[in-house]
Structure formats: C-alpha cells, structure tokens
Amino acid sequence: MIRLSELVSAFTPTEYAELALILFVAVFAAVMFRHGGKRRAAEHELCARLPLDDGDQ
Amino acid sequence: MSEPTHATTNETTKETTKETIKYDDVIVRRFLAATLFWGAVGMLVGLWIALQLATPRLNFAPYFTFGRLRPLHTNAVIFAFAGNAIFAAVYYSSQRLLKARPLAMLSKIHFWGWQAIITAAAITLPLGFTQAKEYAELEWPIDLAILVVWVTFAVNFFAMVRNRREKHLYVALWFYIASIITVAILHIFNNLVIPAGLFKSYSIYAGVQDALMQWWYGHNAVAFILTTPFLGLMYYFLPKAAERPIFSYRLSILHFWSLVFIYIWAGPHHLHYTALPQWASTLGMVFSVMLWMPSWGGMINGLLTLRGAWNRVAEDPVLKFFVVGITFYGMATFEGPLLSVKSVNALSHYTDWNIAHVHGGTLGWVGFMVFGMTYWLVPRLYQTKLYSKKLATLHFWTATVGIVIYVVAMWAAGITQGLMWRAFDDVGRLQYPDFLETVTRLVPMYWLRAFGGALYITGLGIGIYNIIRTWQTRPAVYAEPEVSVPPMIRAAKVAEHQRVLERAAEAKIHWHRRWEGMPALFTVLVTVAVVVASLFEILPAFLIGTNVPTIKSVKPYTPLELYGRDIYIREGCYNCHSQMLRPFIDETVRYGMNGQPAEYSKPGEFVYDHPFQWGSKRTGPDLAREGGRRDELWLLRHFNDPRSTSPGSVMPSYPHLLTDSIPWDVIPTRVHVMHMLGVPYDATALDHADSLAHDQAGTLAAKLETEGGPTGMGDKDVIALIAYMQRLGHDIQLSMHVGGGS
C-alpha cells in the first residue's frame, strides 16, 4: 500500500503551489460567473436589506 | 428569502402561524461590559510594556518583566477585548438575522467560561507558564478549556441557525461561521503538545515544521479572529447605523469567498528568508499580495454603503468610528501585502515596522469597529439615551490622534532600525557594528509611541465613563425586545422547506442561494476551503524529506541545556531575540566571530527544537550564533544587570536567576517527553538525566569561578541558562555533513 509521504512526494512543492493558484482562479471564476452579471440584482437587493428588516430599531 | 413568485404563498403561511420571540440581550450586555473591562486591562498592560522599552526600570522581575507581560498584552487584547466584542456582536446580530434565541444555559457557560480562561491567562502568563508560541502561549490545560468553551459557543450558534425563522443566511453570518470553524481548526492543530507537567508541555512539532504551523496559526488568528468576525460585524452594524443596505451584496459574496480561500495560504510570509523552504515562503507572498484585492473590495463596499449619508458622518460618532475603522482596514490590508513582498520584508522583518502594522490593524480597524458598535448598541441595550454625544466625539478624536502618533513613531523606528542593521561604511564594514547603537537610537520613538498609546487609552477611558453614565440612567427593569416572527423553519416542517428548495431548483435559483438555505452544506464547504488550503501547504512541508536536510553535527540538548532552554521560554526571551540568521551579508557579518562571518541558519539545525524559538522581533540581537561569543561570567552579569555589560540596554534584569534553585527532579521527565517526541536521547541520558545535569552544572560553575564569578551558582537557574546560551549555534560551527532527508 502506498504511503502518504510517497503520495505527497510524487509532486514537487512548486507543483503544489501552481495547483493552488489554479484552484483559486477556478473558485474565483465560478463565483464571478454566478454573481458577476445583473441577472441576480433583484435577489441581491433583497438579501442586502436583511439587517434593515430584522425587526430591530 | 424566497423568490417573489413564492412570496405570496409564504406570506399567507406566515400570517396564519406567526409567533413571538424575545431576544436575549442579557448575554450581549455581559459580553459588551467584558469587552470594555478587558480592553482597558489589555491596553494598560500594553502601555506598561511600551514604557518598559523606553525605560527598563519599569520591569519588576520575576513576574512583571517585558518577556512575561507582552504575551499577556497580546492575549488580552486579542482574546479578551476583541474576543468578547466578537461574542457581543455575534449574539446581538445573529439573534436578529436568524430570528432565533440562543440557549440560555450555553450562553452562561460560554460567558463565564471565557472570562475564567482570560483570568487564568492573566495569572499564568506572569508566572512564566507559556508554550512560547505567539498568541498561543497559554498552556495545555487552558487550551483544553478554550476548546470546550469554543465548542459551547459553536453549539449555541448553530442551535440558533437550526432554530431560525429566516431561511436566508445573511453575509455577516457566513463570516461568523467561517470564524467559528477555522479558529477551532487552528487552535487544535497548533496546540498539539505532550504535557511534561501541569503547566509545562512541548509542541509535537519541531523547528521548521513548528514554525510553519505556528505562523499558519498566527496569521490566520489575525484573519479569523481580528478580520472575518469584524467584517461580519461591519456587514451588520454599518447598514444599521447608516440606515441603508450594504452597497453591493454581490461584492460581499466575492469578498467572502476570496478571503476565506486566500487568507489561509498567506502565513509563510512571516518566515521569509528563514530556514523555511523557499517554495513555501514564495507561496505565502503570492497569496498575500492576492489578498489585497478582496480586502479592498470589502473596504470599498463598506465605505460606499455610506453613499448619500456622508453628511451624517460629521455629526454621528458611530459613523465616525466606522468610517475610520474601515479606512484603517484598507490601510492595514495594503500594508500587509506590501510587507509580505520579500524585498520589503528583508528590511521590515524583526523591526518595529511590524508593530506599527499590527497596531494600525488592531487599534484602528478592530478597536474602532468595536467602539462604533458599542456606541450604537449602548442606548439600545440599556434602553436609554447615550449620556454624551460630545464625549463620544472626544473619544473618537483622542483615539484617532493617538493611533496616528503611535503608528508614525513605530514606522520611523522600524525603518530606522532596518536601515541601521544593514548599513555598511565606505570600506565595507558594518556602520553600526554594536547592536546597542540601533537600540538606543529608537528610545525617543518608544517614548512617542507610549504617548500615542496613552492618548488612545485616554479615549477609551472617556468612552467607558460615558457608557457608565449612560448605564446609570437605565430603567429599573429592562424590557425584553419582542418580535413577531414566522414559524421556525425546522418546526414548519422540513418537508415544506424541502419543497421550497425544490421549487428554487426548478426555477434555477442561484446555487449559492440554495447553499445559504442549507447551513450544514455551507459550513462543510467553508471547512473544505480552509482544510484543503492548509493541507496543500502543510503536508508537503511535513512529508517531503528534502525540505529539512539533516545535519549530522546537530545533536540533542543536554538535560541541563534543555532545562536552560525552558528558562529561556519561561522568561519570554523570544519576544525580543530571534534565533534565525537570514542569508544576508549584514547578518552573517554582524553575528560572526573572530573576524569570520557566521553561517546563516539552516532547516536541519532546529530538528530538536520543540518548540522553535525563531522569534519575530529583534529588540535585542539575534542569538542563533551566541554560543561561545562570551564567557560565562559576562553572561551571568548580563542576566543579573544587563546595563552592567551593555550600557543603554533596555533588557530587563533577572536577578532571581542567581537565587532560584534548579528543580532537578523535573529534568528527567522533560528529557523523557522529548524522547517521546523523537529526540534521540541515549539510555544514559534517559536513565541519568539529573546526574548528567548536575555534572554539567558543576563544571560550568567551576569555570565561572575561575573567571572571577561568584561561588555557589552550581544549582541555580542561571547556570542552566548559561549552558543553553553557550550551546546556541555550537553544533553548526562544527563541520557540516548534509545528507538526504530522513
């Protein structure tokens, strides 16, 4: 059975760093894609008002 | 929240089954009072240690020296002042955003448990009980108590989420969830230790790996205690105070996910040019620079929320505090990435520039957000008018001027210090070869810093007076805020909720909205983001052997040196001395010996250092190559009265080291615990640790006497500390044999 240290050593530290950046760009792009446009404007407007409509003064 | 098309149906349901609940503001009042009390204590200790650096006569050994009080200051302001403020904000805003009440018993356990922990910290740190890891100094029994109380808080919070009447989780709650989850992870993994006594333990990590874990924790403590909860606070209280919604909800989503994803990677920027492998350091720098963007997104979102309300800023102290607090957030999150750039860090690291940066963030961002929130909450919690708006405004201006003086003084000190350390004269010699020159030059700036800090605390005093006077006009009995709410989502049938979600799915409602309606999944995703990022950085550092090449000449500390190291830890020497020579010519020359430059620090040197002692500040010189530089008598005199050997030194005196006896019986236990951690002590060391320690102490004491030192030091703490100091860098001065990772 392959050991965890062998598995981790299969990549160089630089490759881990590159993978990290790719992961971030992917997450960022996904959030931007979903939220970047105006089609959610009404929904966002509604959410933004939550603290003002929380029954408090 | 549901789609407008569904609103009518839901509204009908709500109208027929409305309930009333009462918010629990008792817990908010308690945490707010604790915030102000501990804030005053923590900041006064901060002022005291600032004065100690300007005039070392204010050190009173053994309990009230800089090394023991500085952790008390940092822990008090982070966990007591900021911590209690976070809890006040969370309990107030979450009840209203979720339309749910916390569980009274858990709230009580949370409050009193947290105050007991802070009290324990205030007692144990001056006594010298410390793990010697910045912001994680508290020893293992207190760490366990923190875990229990934090879990209590988490259960109480998630119980509110479960019992909520509002389906949508507002963005402030996401920040709270991220904080609760991440702080738990950080706390557990950075504090993994093996106890060697009731208040003594050794980190399971050593050297480079311990450093990486510590700054993964340290940086993210800044992120998930001093940043994300306060962003949650901002997203709730700023719209309330401005009476308008947040500028861009879309931007807040981007802000949240970018921050949670990026922050966790940035820790290694605290270790540039150290023995940490370069890939980890560079990774930390890149992510730190990236962090600038979401941080400024959040700042812009906050400031633009005030569009159309700027005229009110001039007259409303709450908005004043918020505007300046958010501006400090922007400044600190610009300065942070700047300091993480390696070439800037080469100058700034170990200097007072970091102190300026940290205090810009804590006094400016955290402090002002807390004060803004406090002034907004106080009339509502005490159900009366604020005693004096003028005093609140005076508090604002006093504190603002105080911060500016503080930060400018420390910028000047830091840059002066960094430039002096690296200055060479025309013929290539260090321009300031005596480290003391770089210390005495800073003393006027230390006075200025203390003045700025005193102003800030004066402002706090004015604030506390104002709040006490407000509290005195409270009603005899508080009215409990009561609101009419829809039925509990859980009670209103999971099936109905499921139908809503299904309709949402059919209508292709945004996936994020659906996550927000499913807090468990949302929490899991946040956890995954944090854990995956952590593992990417930590696993290679632990498991790829080439990260820490072994050095054959590096051997475990002798039993006496190990105990001497524990004294170094107990006295908090790491607060002012680093043990890390960076690969810079000015450092290798400065810390060289006999005209030869020193070796810069290598990862393999620290494999037996549980915990690592690299430090983060050089108020005094680096000690990585201290062994053999001075004789034993010089060291003894220096510990007894630093100014007798180093005129102008700001180091505290430690006369008790010459009178306190070594507790020989603890040494074998400590050697055995180290052995459990993998330090290769042989059978002789394991079986005869105390007699080995006695022998070495006797030899050193005899040497001390031949140097003209006092007699009878063979069983005193000072001899153990001298043994440790003489060992520092000793192994690396031997011939080095670098092998493969093992």
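Structure data summary
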read-out: Among the candidates A:3, A:34, residue that is at the interface with another protein chain (Cβ under 7 Å from one of its Cβ atoms) and without any contact (Cβ under 8 Å) to a residue 60 or more places away in the chain; value: A:34
read-out: Complete set of residues in segment B:242-294 that are in contact (Cβ under 8 Å) with a residue 40 or more places away in the chain and small (Gly, Ala, Ser); value: B:242, B:248, B:252, B:266, B:267, B:275, B:280, B:281, B:284, B:288
read-out: Residue identified as touching a residue at least 12 places away in the same chain (Cβ under 8 Å) and either within 14 Å of another protein chain (Cβ to nearest Cβ) or of a type in the set (Phe, Trp, Tyr) (or both) among B:538, B:569, B:585; value: B:538
read-out: Boolean, residue A:42 is within 20 Å of residue B:169 (Cα to Cα), more than 7 Å from chain B (Cβ to nearest Cβ) and at pLDDT 75 or above; value: yes
read-out: Which listed residue, of B:582, B:570, B:565, is farther than 21 Å from residue B:270 by Cβ, among the basic types (Lys, Arg) and buried (at least 20 other Cβ atoms within 10 Å of the Cβ); value: B:565
read-out: Candidates B:111, B:81 - the one that is part of a helix (DSSP H, G or I) and surrounded by 24 or more Cβ atoms within 10 Å (Cβ to Cβ); value: B:81
read-out: Subset of segment B:186-221 that is assigned to a helix (DSSP H, G or I) and surrounded by fewer than 21 Cβ atoms within 10 Å (Cβ to Cβ) - its residue that is farthest from the other protein chains (Cβ to nearest Cβ); value: B:187
read-out: Candidates B:343, B:348 - the one that is closer than 23 Å to residue B:410 by Cα and modelled with pLDDT under 95; value: B:343
read-out: Helices (runs of 4 or more DSSP H) contained in segment B:228-335 and holding at least 2 residues within 11 Å of another protein chain (Cβ to nearest Cβ), modelled with pLDDT under 90 and within 28 Å of residue A:47 (Cβ to Cβ); value: B:249-263
read-out: Residue in segment B:309-319 that is small (Gly, Ala, Ser) and within 24 Å of the chain's Cα centre (by Cα) present; value: no
read-out: Failed condition for residue A:28, given (1) within 17 Å of residue B:171 (Cβ to Cβ); (2) under 23 Å from the mean Cα position of the chain (by Cα); (3) at the interface with another protein chain (Cβ under 7 Å from one of its Cβ atoms); value: (1)
read-out: Check on residue B:650, part of a helix (DSSP H, G or I), buried (at least 17 other Cβ atoms within 10 Å of the Cβ) and among the hydrophobic types (A, V, I, L, M, F, W, C); value: no
read-out: So residue B:687, is it of a type in the set (D, E, K, R) and over 21 Å from residue B:659 (Cβ atoms); value: yes
read-out: Qualifying residue in segment B:128-151 (condition: outside any helix (DSSP H, G or I), crowded, with 18+ Cβ neighbours inside 10 Å, at pLDDT 95 or above and over 18 Å from the mean Cα position of the chain (by Cα)); value: yes
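The values are calculated or read from the model by the stated rules, or taken from the named source; none is laboratory data. No experiment lies behind these values; they were computed from the predicted model shown. Reconstructed Cβ throughout: ideal geometry from the backbone, glycine too, with neighbour counts over all protein chains shown.
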